[in-house]
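Quick note: the coordinates plus some simple rules give every number you see, no bench work behind them. This one's a predicted model, so the numbers in the text were calculated from it and none came from an experiment. Backbone-built Cβ (ideal geometry, glycine too); neighbour counts: all protein chains shown.
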Amino acid sequence: MTTNLLIEDIDPAIIPEKFKNPETGAIRLDALVNSYAELEKKMSAGPAAPKSPEEYCVNCDHGLFEPDGEVNRRLHAKGMTQEQVQEVYDLAAEKMMPMIKTVATDFSADREVEKLVNHFGGPEAWKEVSRQLLAFGQRNIPADVLENLSSSYEGVLALYKMMKSEEPGLKKQSENPSALGEQDLQSMMRDPKYWRDKDPAYVARVTEGFKNMYGE
């Protein structure tokens, strides 16, 4: 059952003074209505943008980039709140940076191919050498090892030396008893530090291992 509350039923003691007539003490219904309307307007509008773009506090703990003043000014001009601006930066880190890394990886791969073309004397010579290397690798080397070797300039040169040595794979051993052997090199090339991270020191160890096995 719904009970209709009348103005006269309200205890005046709980009503703030600003809603009372200063002379009579009666409740000012118009002031109550206007105050409620303003409150509803603010609640429906949601959070407001800060007074200036400098007030944005953007979290970039990922370390990929830093907040940009010009970007913040443009977002502020659109009336974006603190939460909305943070979401823009988070989306940039989540979506844009992987794309940039992909472009950088592709660029690096193109540079590796360019070095190989120059090393073997031009596009036509490299085309023939790469065909021979692929055939040799598929016959003699595990697929994952072949893929790892083919992903870098140093790896391709190592594969070329294997082919020229006329050995059926990683069989030749170094005279240095402490040198890395066949199983060692295969294991290292399967490590993410070699094929994914391209760790310079780690790649150098693998390259040096091939040099010890096949010579300069």
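Placing +1 on the Cβ of every Lys and Arg and -1 on the Cβ of every Asp and Glu, with no other charges, gives the range 53-100 a dipole of roughly 240 debye about its Cα centre.
Anything over 24 Å Cα to Cα? Flag those among K51/K95; K20/K51; K115/K193; K164/K198, in the order listed.
Values: K51/K95 29 Å; K20/K51 34 Å; K115/K193 22 Å; K164/K198 26 Å.
Exceeds cut-off: K51/K95; K20/K51; K164/K198.
Around the amide H of K20, modelled in the peptide plane, lie the amide H atoms of R28, all under 5 Å away and 5 or more residues distant in sequence or on another chain.
Spin-label pair I27-L91: with each label point 7 Å from Cα along the Cα-Cβ axis, the two points sit 4.7 nm from one another. Each Cα pair under 8 Å and six or more residues apart adds its separation to the average, and for the range 53-100 the resulting relative contact order is 44 percent. Couplings 3J(HN,Hα) for the range 134-151, derived from phi with the Karplus relation 6.51 cos²θ - 1.76 cosθ + 1.60 (θ = phi - 60°), are 4, 5, 5, x, 5, 7, 10, 10, x, 4, 5, 5, 4, 5, 5, 5, 6, 8 Hz, where x marks Gly and Pro.
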